[in-house]
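All of the numbers you see were taken from the coordinates with simple rules; none came from a lab. The structure displayed is predicted, hence computed values, not measured ones. Neighbour counts are summed over all protein chains in view; Cβ atoms, including those assigned to glycine, are modelled from backbone coordinates with ideal geometry.
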Amino acid sequence: MTGFAFALRLILVLLCLTTGGTIGVLAQPAVPEAPVKVKAGLHILSISKIDTGDSSFHARGFMWFVDPSGNFDMAKNIEFFARQDVINEFTRRDLEDGSTYTAIQFEATFDQAFDVRSFPFDRQTLAIPIETAISARHLLLVPDRADSGLSDLAVLQGWEMGEMQFREEIVQYRTSFGHDEPASFARLTFLVPLERIRSPLIIEKFVGFTVALLIVALIYFVPTDQFGVRLGMVTSSIFAAVGNRYSLDSQLGSETAFGLADKLTLITFGAIYTALLMSLVAFRLTQYSTAKRASRVDYWAGLVAVTTSFSLAIAAILEARG
C-alpha cells in the first residue's frame, strides 16, 4: 500500500468516527413509511326506494372513522360514492391515545347494478362504497367489523336483509388525474345481502301470462268451425300477456340479460301464435276436408302445444328458483 492510499483510508476512518457513522447511514436507501390504517364503520338506519328500473337505492345512517395518526380529515381523505348525498359531520374528538374519532350522518342515493334475470326469485347485494382520496401508499381503510351493521329499525318491505359484509380492495384508475403516474386508492365497500320475499302464490308476478296460457288451452276445446270465437279468445290472451309484460318492464327497467321474465314472455306469445295458427289450419280443414279430421288434428296439435308451453314455463320457473 502506498503512503497516499494509506493516508486517504485513515482520513475516511477518522471522518466516520467523528460523524458517528452518518456516512454509512446516508448511504442506505430511505425506508418508506407504512400507510396509516383508518378504521371505518357503518350503521344503517334505513334502506328504501329499491328501484331496479332506475338502478339505484336510498340509504340513511351513520359512518365513523378512527385514525391512529390523529390527522384524519373527512373532506380531504374520503371519497363518498353516491349519486346524491347529504353528509353532516356531527362530531370529531381527539382520543387519549392520540388517535382521532370522526362521525358523520348521511342520507344518499347510490347507483346499483341489479341482476334481475331470476326475478322474482332474485337475490341482490347492495353496495355502499367509500374510497381514500389520497394514495393507498399513505392511507388504507379497514372495516370496523364489530360495530358495523343494520339497525333494528331498518325494515325493507318486500325484502329480507342479511348480515352486513365487507370488501376491501386496492383500485387503480386508467387515468393519472393529471399526475405523472396513475395512483392506487384503497376502497372499502359495505355490502348488504337482500333476498326478495315472495308470495306463497308463485305466479303472483306472472298472472297475465298464466291467464293467457289458460285461455290458449281452452281454445282447443272450441269446435274447429267456430273461428270467430277462437279469434276472440286469442285476442283476450294477447291483451293479458301484453299487460303483464308492461307491468314487468316498469319493475325491471331496461334489463338486457335474457331472464325468467323474457323466457315466460317468449313461451306465452309462442303459445298464442301456435293457437292462432292451428285455429286457421283446423278451420280450413273443416271447409275442405271432414270435421272429424279437423277435430283430430286440432286435438293432437293442441295437446302437444299446451303440454309443451306449460312444461317450458314450469321448467323456467324451477331453474330461476335455483
Using the scaling law 2.2 N^0.38 Å as the reference, what is the normalised Cα Rg of the chain? 1.74
Under 26 Å Cα to Cα from LYS49, which lysines show up? Leave out anything in the same chain fewer than 8 places away. LYS205
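Take the alpha carbon gyration tensor of segment 88-152, find the square roots of its eigenvalues, order them as a ≥ b ≥ c, and report rounded if a/c is under 1.5; if not, report prolate when a/b exceeds b/c, else oblate.
Prolate, since a/c reaches 1.5 and a/b exceeds b/c.
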With everything on Cα atoms, drop me the angle between helix 227-252 and the longest principal axis of the chain, reported from 0 to 90° to the nearest 10. 10
Residues whose placed amide H lies under 5 Å from that of GLY259, excluding near-sequence neighbours: none
Full-extension gain between LEU191 and THR91, please, as 0.36 nm times their residue separation minus the C-alpha to C-alpha distance. 33.5 nm
Cα-centred dipole magnitude for segment 202-321, charges only on beta-carbon of K, R (+1) and D, E (-1), debye, nearest 20: 420
Using each residue's phi in segment 288-303, evaluate 6.51 cos²θ - 1.76 cosθ + 1.60 at θ = phi - 60° and report the 3J(HN,Hα) Karplus result to the nearest Hz, with x for Gly and Pro. 10, 9, 9, 5, 5, 5, 4, 5, 5, 4, 5, 5, 5, 5, x, 4
Give the Rg/Rh ratio for segment 193-308, taking Rg as the radius of gyration of the Cα atoms and Rh as the Kirkwood radius, to two decimals. 1.09
First check a/c for segment 57-182, with a ≥ b ≥ c the square roots of the eigenvalues of its C-alpha gyration tensor; if it is under 1.5, answer rounded, and if not, answer prolate when a/b is larger than b/c or oblate otherwise. oblate
Alpha-carbon centroids, segment 281-322 and segment 68-124: separation in whole Å: 57
Sorted on mean Cβ neighbours within 10 Å (highest first), peptides 88-94, 55-61, 140-146 come out as 55-61, 140-146, 88-94
Along the charge dipole of the chain, pointing to its positive end and built from +1/-1 on Cβ of Lys, Arg, Asp and Glu, which listed residue (ILE272, ALA127, ALA34) has its Cα farthest out? ILE272
Check PHE166: other-chain or 5+ apart residues with amide H under 5 Å from its amide H, H built from backbone geometry? LEU191
Tell me, what is the FRET efficiency for GLN84 and ARG174 to the nearest 0.05, using R0 = 25 angstrom and their Cβ-Cβ distance as r? 0.45
Along segment 188-195, what does the Karplus equation 6.51 cos²θ - 1.76 cosθ + 1.60 (θ = phi - 60°) give for ³J(HN,Hα), rounded to whole Hz, x for Gly and Pro? 10, 10, 8, 10, 10, x, 10, 10
Under a cut-off of 23 Å between alpha-carbon atoms, report the lysines in cross-link reach of LYS37, not counting same-chain residues fewer than 8 places apart. LYS76
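Evaluate the charge dipole of the chain about its Cα centre and quote only its size in Debye, nearest 20, assuming +1 on the Cβ of each Lys and Arg and -1 on the Cβ of each Asp and Glu.
About 1500 debye.
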Could you compute the FRET efficiency for ASP152 and ALA34, with r as their C-beta to C-beta distance and R0 at 51 Å, rounded to 0.05? 0.85
Taking H placed 1.01 Å from N in the peptide plane, check which residues at least 5 places from ARG83 or on another chain put their amide H under 5 Å from its amide H. THR109, PHE110, ASP111
In nanometres, the difference between 0.36 nm per residue of separation and the alpha-carbon distance of ILE134 and ALA75 is 20.1 nm
Rank PRO68, PRO223, SER99 by how far each Cα sits towards the positive end of the charge dipole of the chain (+1 on Lys, Arg Cβ; -1 on Asp, Glu Cβ) and give me just the farthest. PRO223
HN-Hα couplings for segment 259-266 via Karplus (6.51, -1.76, 1.60; θ = phi - 60°), in whole Hz with x for Gly/Pro, come out as x, 4, 4, 5, 5, 5, 4, 5
Gaussian network model of the chain, springs between alpha carbon atoms under 10 Å - residue of TYR299, TYR173, TYR101 with greatest fluctuation: TYR173
Scoring the chain by relative contact order with C-alpha pairs under 8 Å, at least six apart, yields a percentage of 16
